[in-house]
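The structure under discussion appears below in the form of structure tokens.
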Amino acid sequence: VDVFQAWCGPCKPVVNLFQKIRNEVGSNLLHFAVAEVDSIDALEKYRGQCEPVFLFYTEGELMAVVRGVDAPLLQKTILKQL
């Protein structure tokens, strides 16, 4: 989940990375979503931050958090979680 502030928007460049990995591993294993922190109370602790935050869930449980746009770290985290 790409967690973003309304004033800065979701991290569009990362979408290409997720699509590339999804094509490599299969579409059933990886799902990507965006969530605006101001509209979801459960994400309140991520409000007021200017860097993107990526949350990785497995079966509804938060498994990993990556702060900032670090493509190699995002890819490593995705593959580790899969």
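The values are calculated or read from the model by the stated rules, or taken from the named source; none is laboratory data. Predicted, not measured: the structure shown is a model, and the values here were computed from it. With ideal geometry, Cβ positions are generated from the backbone for all residues, glycine too; neighbour counts draw on all protein chains shown. These area figures cover heavy atoms from the full protein model, side chains too; ligands, DNA and RNA do not enter into them. Shrake-Rupley method; radii C 1.70, N 1.55, O 1.52, S 1.80 Å.
Summary of computed values
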quantity: Cβ pairs under 8 Å, 6+ apart, first in segment 53-67 and modelled with pLDDT under 95, second small (Gly, Ala, Ser); calculated: 55/64; 56/64
quantity: Residue that is most open to solvent (accessible area, probe 1.4 Å), among those in segment 47-77 that are part of a loop (DSSP other than H, G, I, E, B) and over 23 Å from residue 6 (Cα atoms); calculated: 59
quantity: Residue check for residue 43: more than 11 Å from residue 3 (Cα to Cα) and under 14 Å from the mean Cα position of the chain (by Cα); calculated: no
quantity: Pair list, Cβ under 8 Å, 6 or more apart: segment 1-28 residue part of a helix (DSSP H, G or I), other residue small (Gly, Ala, Ser); calculated: 14/71; 17/71
